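The block underneath contains the structure these notes are about, expressed in structure tokens.
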Amino acid sequence: DVRLVDAEAGRTESAVVVSDLEDAAAVDFLFSEGLIFWTDVSEEAIKQTYYNVSTI
């Protein structure tokens, strides 16, 4: 899973952004656009999804 955690607020709960990944190897984000990127090694692909910070 790719999860978001609000470390600034000191919270321990997280929000699942992407689940059921086969073989994710790297994660990056573009905060200004609300995008998370990850690589899936088994699919040989770079994927992305939008996220919402207010859900944390």
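Just so you know, all these numbers are worked out from the coordinates, no wet-lab data involved. Just so you know, these numbers come straight off a predicted model, no measurement behind them. So basically every Cβ, Gly included, is an ideal-geometry build from the backbone, and we count neighbours across all protein chains shown.
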Cα-centred dipole magnitude for the chain, charges only on beta-carbon of K, R (+1) and D, E (-1), debye, nearest 20:
260 debye
The chain: spread of alpha-carbon positions along the three principal axes, whole Å, largest first, is 35, 23, 14
Where does the charge balance sit around Val16 when Lys and Arg score +1, Asp and Glu -1, over other residues with C-beta under 9 Å from its C-beta?
0
Starting from 0.36 nm per residue, how many nanometres of slack lie between Phe37 and Leu4 once their C-alpha separation is accounted for?
10.6 nm
